[in-house]
């Protein structure tokens, strides 16, 4: 991971805090939240992307961490976080 320890980044994902990061020249915005008792996480693409806006949204069951889902989903041009983590930068 660029600019930060990878586990610090994933701890922040778990906390639901807003995170701006980039991969392969594309900027993303992550947020986790609870609304009406439902825990959800969202990822937005932005900054001169062909497909700006909501990129990914998933509701998460209690007992499952946001980072557990985040690292398994192919959110990085069809690749998972662990496949590209060395190229992800926390902005």
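Over region 6-82, Cα pairs under 8 Å with separation of 6+ residues give a relative contact order of 22 percent. Labels on offer are [x] 41, 16, 15; [y] 20, 16, 12; [z] 24, 15, 9, and the one holding semi-axes √(5λ) of the Cα gyration tensor in Å computed from this structure is [y].
Which of the peptides 73-83, 13-23, 54-64 is most tightly packed, and how do the rest follow, going by the mean number of other Cβ atoms within 10 Å of each residue?
Working: 73-83: 13.9, 13-23: 15.9, 54-64: 11.5.
Averaged packing, sorted descending, gives the order 13-23, 73-83, 54-64.
Every number in this text was worked out from the coordinates using simple rules, so none of it is lab data. Fair warning: this is a prediction, and the values are worked out from it, not measured in the lab. Glycine also receives a Cβ, built like all others from the backbone with ideal geometry; neighbour counts cover every protein chain displayed.
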